[in-house]
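This report concerns only the one structure given below.
The values are calculated or read from the model by the stated rules, or taken from the named source; none is laboratory data. Quantities reported herein were computed from a predicted structural model and do not represent experimental measurements. Note: ideal-geometry Cβ built from the backbone for every residue, glycine included; neighbour counts use all protein chains shown. Please note that ligands, DNA and RNA were not included when accessible areas were found on the heavy atoms of the full protein model with its side chains. Shrake-Rupley method; radii C 1.70, N 1.55, O 1.52, S 1.80 Å.
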Amino acid sequence: MCTTCGCGGGEAKLDGQPHSHPHPLDHSALRPGRRRISLEQSLLAKNDALAALNRQAFLERGILALNLVSSPGSGKTTLLEQTILRLRDRVPVVVIEGDQQTSHDADRIRAAGAPAVQINTGKGCHLDAHMVGHALESLSPAEGAVLMIENVGNLVCPAAFDLGEAHKVVILSVTEGEDKPLKYPDMFAAADLMLLNKVDLLPYLRFDVDRCLAFARRINPGIQILHVSAQTGEGMEAWLAWIEAGRRLAMTVRKTAAS
Amino acid sequence: MHELSLMEGMVQGIQEEALRRGFTRVHQVRLEVGRLAGVEVEALRFAFGPTTEGTVLEGALLEILELPGQGLCQACGQTVEVEARFDLCPVCGEGFVALTSGTEMRVKDLDVD
């Protein structure tokens, strides 16, 4: 990769062929009169530091934070509405909604009975720890709350940005391609739980569930998988149980840390 | 296009570094980016110009060193190179490969005065 001659070397390929070529220029030599500073700093250092602050705030207040990620149209918001309706009498639930434009989703979440803050990322393709930190200031979730962060619908960029959450939860609906775990491996590698959504539609589709799950486990052998339908309620109890187990753990950790 | 925000984060970090270490101009910045980092180096290069305008990095040369994906095969135990995160071991053809490198994305060093 070289900025002098401009030749490429990236991952982008045309018909599977890279477009790079070797060249003899060497930019590693230090010119006289200059000094070299070794940095070894991650490009994500800024985000990661802010994510650590969010995580610390969650830990101190026994909050379970989940980062929900998926393609657009996987049914994230409907799933979230149904989750809130079932959970709100047992557990305080608050929501951060991420979208490029509009506050439609936050309006839907509030109508379902949970406090919500909408973040509009404008041209941005993901939420970052800084935006979430500010959203937390206005939400100020109660101790022991469950915080659901609905990320921008995008299976690529949100994978890299830690928001301080306990888990990334990836939602894949059966109306999508069963090979999505292979096409977007970073996201499936980063997630601890995969929700296979819209399973009520399986009789009408040619979607090979076993193949899809095998792909997901090939990317991430430790990933947990639950089958759900936000529409019919199928599998929702298992999902709620998973959330409540996470919340109990968050509260236990807080007590341990406080004592 | 999260490369744009990665670059913005980098520029912010280097500006802070400039204040701390007392340099006013960066001539060259070298990044190390793993092949499995989920980052498109062409997009990083594209974002570099606009995000560095009016900063200590304006006009600097950007060099990106790509690091190979490497890992330990869970079946045969060998250290192997992989092209993609989900590749099976290229030696035995059977095992999952637990990555040991290739997901890095960091600023290695800066040439400054």
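Quick test for you: out of B:Glu53, B:Glu66, pick the one residue that is free of Cβ contacts under 8 Å to residues at least 24 places away in the same chain and open to solvent by 10 Å² or more (accessible area, probe 1.4 Å). It would help to see each step written out before you state the result.
Working: B:Glu66 fails: free of Cβ contacts under 8 Å to residues at least 24 places away in the same chain.
From the options B:Glu53, B:Glu66, the qualifying one is B:Glu53.
Step by step: first the residues of segment A:129-153, then only those that are open to solvent by 30 Å² or more (accessible area, probe 1.4 Å) and in contact (Cβ under 8 Å) with a residue 24 or more places away in the chain, then the one that is nearest to B:Gly102 (Cα to Cα). Which residue is that? Quick ask: steps written out before the conclusion?
First pass over segment A:129-153, keeping only residues open to solvent by 30 Å² or more (accessible area, probe 1.4 Å): A:130-131, A:134, A:137-138, A:140, A:142-143.
Next, from what is left, pick out any that are in contact (Cβ under 8 Å) with a residue 24 or more places away in the chain: A:130-131, A:142-143.
Details: A:His130: 26, A:Met131: 28, A:Ala142: 40, A:Glu143: 39 Å.
Out of the qualifying residues, it is A:His130.
Evaluate the following for B:Arg35: is it without any contact (Cβ under 8 Å) to a residue 24 or more places away in the chain, within 8 Å of chain A (Cβ to nearest Cβ) and either in contact with a strand residue (DSSP E or B) (Cβ under 8 Å, 6 or more places away or on another chain) or not hydrophobic (A, V, I, L, M, F, W, C) (or both)?
Details: without any contact (Cβ under 8 Å) to a residue 24 or more places away in the chain: no; within 8 Å of chain A (Cβ to nearest Cβ): yes; either in contact with a strand residue (DSSP E or B) (Cβ under 8 Å, 6 or more places away or on another chain) or not hydrophobic (A, V, I, L, M, F, W, C) (or both): yes.
So B:Arg35 does not fit the description; no.
Going residue by residue through segment B:9-30, is there one that turns out to be farther than 18 Å from B:Leu110 by Cβ and either facing chain A (nearest Cβ under 10 Å) or modelled with pLDDT of 95 or more (or both)?
Of segment B:9-30, the ones farther than 18 Å from B:Leu110 by Cβ are none.
No, because not a single residue in segment B:9-30 is farther than 18 Å from B:Leu110 by Cβ and either facing chain A (nearest Cβ under 10 Å) or modelled with pLDDT of 95 or more (or both).
Can you find even one residue in segment B:53-62 that is modelled with pLDDT of 95 or more, in contact with a Ser or Thr (Cβ under 7 Å, 6 or more places away or on another chain) and part of a strand (DSSP E or B)? Let's see the steps before the verdict.
In the first step, residues of segment B:53-62 are kept if they are modelled with pLDDT of 95 or more; the result is B:53-62.
After this cut, where a residue has to be in contact with a Ser or Thr (Cβ under 7 Å, 6 or more places away or on another chain) as well, the list is B:56, B:58, B:60-62.
The next check asks that each one be part of a strand (DSSP E or B); those that pass are B:61-62.
Yes.
Just one of A:Asn54, A:Asn67, A:Asn47 is buried (at least 17 other Cβ atoms within 10 Å of the Cβ) and not in a helix (DSSP H, G or I); which is it?
Working: A:Asn54 fails: not in a helix (DSSP H, G or I); A:Asn47 fails: not in a helix (DSSP H, G or I).
Answer to the selection: A:Asn67.
For B:Gly13, work out the one condition from (1) open to solvent by 30 Å² or more (accessible area, probe 1.4 Å); (2) assigned to a helix (DSSP H, G or I); (3) not aliphatic (A, V, I, L, M) it doesn't fulfil.
The number of the failed condition is (1).
Considering every residue within segment A:165-177, establish whether at least one is at pLDDT below 95 and either assigned to a strand (DSSP E or B) or touching a Lys or Arg at 6+ places or on another chain (Cβ under 8 Å) (or both). Quick ask: steps written out before the conclusion?
Residues of segment A:165-177 that are at pLDDT below 95, as a first pass: A:177.
Narrowing further to those that are either assigned to a strand (DSSP E or B) or touching a Lys or Arg at 6+ places or on another chain (Cβ under 8 Å) (or both): A:177.
Scanning segment A:165-177, I find at least one residue that is at pLDDT below 95 and either assigned to a strand (DSSP E or B) or touching a Lys or Arg at 6+ places or on another chain (Cβ under 8 Å) (or both), so the answer is yes.
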